[in-house]
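Worksheet for the structure shown next.
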Amino acid sequence: MIEFAQGLGEKPFRATQLFRWIHQRGLQDFEQMSDLAKSLREKLSTAAYVQAMPLISEHTSKDGVIKWLFDVGQGNAIETVYIPESDRATLCISSQAGCAVGCTFCSTGYQGFSRNLTTAEIISQLWFAEHRLRQQKAPGAQDHRVITNVVMMGMGEPLQNYSNLVPALKIMLDDHAYGLSRRRTTVSTSGVVPMIERLGLDAPVALALSLHAPNDALRDELVPLNRKYPIAQVLEACKGYLRYAPRDFVTLEYCLLDGVNDQEVHVNALIDLLRPSKGANYPCKINLIPFNPFKESGLKRSSLAQIKRFSDTLLDAGLVCTVRKTRGEDIDAACGQLAGDIQDRTSISERRAQGKVIPISPDFS
Ligand code: SAH
Ligand code: SF4
């Protein structure tokens, strides 16, 4: 932003002013940026625009979860999910259109990989959601923050889009922008080992690892990236990451698939993996995720009784474990159900003309 301001012949402090207007206040119209000189406002309106990606649809579920589908061009779409809770509000952000990892239980994985999102496309999901919700919930209260937590758990593998992810994370954390706490900003990864190490140096936020299996043979099948970075290497990298992390544990995500990874032999192997000797637990909290079905997978969610047995066994062994509450299922917004595919391949301008794209009016007013 400083370079951009300097390119317009402006002093660096103008960059901070602009940054705050755009990210903190959510303004799109340069004319409303009242502490900028008129000449600068004019220059800006010819040199730049502030705009989220075109919004294709907005769905609100019975439990208050909102899913937005954005057009990212060439027939691709990405999804962003807002999850309100009593004490926090989380935004689940996408990092790629599709995903190249191809996990067998993930709808995004089935879609294949289209492309990396740019830094602007990643941060504009937060920009859009924060300011739209602010307008709805507290009109006029410009500085009242709505979103308290961000999880990079939408579509895509964030650590396979590292160079665009890191600047977006830095904007999320910046006090002149969203001022999110590092502890409340989470990157979830299927285990891109070299990038886990770099993230610790570049933007240490909370880390979640998608483990899903207690041994390499099974994880090779479920999370194909395991063939490149096997479990021992990934767990070691995550442990090393804790030197920089804002928390002293790694979240281990484990999606429970009926008959595949939810049996007694699996939970026992998981305990052996994470608790190799008495009193020496791996520094983690296990988050069990009930599988959210989608038609191509051919997989089933474990029964409630099975999920309880699995979690009780972990707890009895002295491991910390929670079961993720599934939210937004009725609008296909739950983990792993994000497909983002636009069936309708009509161009965006034609769709807009046909009223199929929801217009985003300036500043959502
Ligand atoms: N690519 C990253 C982040 C996006 S996926 C990763 O894999 O970690 C976010 C989480 O949703 C991951 O833990 C993923 O394993 C989980 N997930 C994927 N498909 C799912 C499904 N169908 N049901 C439940 N959880 C799923
Ligand atoms: Fe990609 Fe994550 Fe889905 Fe695996 S679970 S296919 S890494 S988005």
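Hey, any hits in the range 242-252 for a residue that's assigned to a strand (DSSP E or B), within 11 Å of ligand 1 (Cβ to nearest atom) and within 23 Å of VAL150 (Cβ to Cβ)? Write out each step before concluding.
We begin by selecting, within the range 242-252, every residue assigned to a strand (DSSP E or B); these are 250-252.
Pick out the ones that are also within 11 Å of ligand 1 (Cβ to nearest atom) and you get 251-252.
Subset that is within 23 Å of VAL150 (Cβ to Cβ): 251-252.
Yes; the residues of the range 242-252 include at least one that is assigned to a strand (DSSP E or B), within 11 Å of ligand 1 (Cβ to nearest atom) and within 23 Å of VAL150 (Cβ to Cβ).
Report yes if GLU121 is over 21 Å from LYS228 (Cβ atoms), modelled with pLDDT of 95 or more and among the acidic types (Asp, Glu), otherwise no. Please lay out each step first, then the result.
Values: over 21 Å from LYS228 (Cβ atoms): yes; modelled with pLDDT of 95 or more: yes; among the acidic types (Asp, Glu): yes.
So GLU121 passes the test.
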ask   = Quick check, is THR80 surrounded by fewer than 17 Cβ atoms within 10 Å (Cβ to Cβ) and either at pLDDT 95 or above or among the hydroxyl-bearing types (Ser, Thr, Tyr) (or both)?
value = no
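Within 23 Å of TYR229 (Cβ to Cβ), of a type in the set (Phe, Trp, Tyr) and either modelled with pLDDT of 95 or more or not assigned by TED's automatic domain parsing to the domain that holds CYS238 (or both): is that true of TYR162 in this structure? Talk me through it step by step, then tell me what you get.
Numbers: within 23 Å of TYR229 (Cβ to Cβ): yes; of a type in the set (Phe, Trp, Tyr): yes; either modelled with pLDDT of 95 or more or not assigned by TED's automatic domain parsing to the domain that holds CYS238 (or both): yes.
Taking the combined requirement at face value, the residue satisfies it.
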Some residue of the range 83-94 being in the same structural domain as ARG134 (by TED's automatic domain parsing), under 17 Å from THR186 (Cβ atoms), within 11 Å of ligand 2 (Cβ to nearest atom) and in contact (Cβ under 8 Å) with a residue 60 or more places away in the chain = yes
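Which ones in the range 258-282 are touching a residue at least 12 places away in the same chain (Cβ under 8 Å), assigned to a loop (DSSP other than H, G, I, E, B) and not acidic (Asp, Glu)?
Our first condition is that a residue be touching a residue at least 12 places away in the same chain (Cβ under 8 Å); within the range 258-282, this holds for 258-262, 264, 266-275, 281-282.
If we keep only those that are assigned to a loop (DSSP other than H, G, I, E, B) too, we end up with 258-262, 275, 281-282.
Across the range 258-282, the qualifying residues are GLY259, VAL260, ASN261, ARG275, ASN281, TYR282.
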ask   = Can you name the residue in the range 209-241 that is surrounded by 20 or more Cβ atoms within 10 Å (Cβ to Cβ) and of a type in the set (Gly, Ala, Ser) and, of all such residues, is farthest from ligand 1 (Cβ to nearest atom)?
value = ALA237
inquiry  = Condition check: within 23 Å of PRO167 (Cβ to Cβ), more than 22 Å from the chain's Cα centre (by Cα), more than 16 Å from ligand 1 (Cβ to nearest atom) and not hydroxyl-bearing (Ser, Thr, Tyr). Does ARG14 satisfy that?
reply    = yes
query = Just a yes or no: is a residue in the range 57-75 assigned to a helix (DSSP H, G or I) and either hydrophobic (A, V, I, L, M, F, W, C) or in the same structural domain as LEU173 (by TED's automatic domain parsing) (or both)?
reply = no
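The values are calculated or read from the model by the stated rules, or taken from the named source; none is laboratory data. Keep in mind it's a predicted model, so treat the numbers as computed, not measured. Methodologically, a virtual Cβ is constructed for each residue, glycine included, from the backbone with ideal geometry; neighbour enumeration extends over all protein chains shown.
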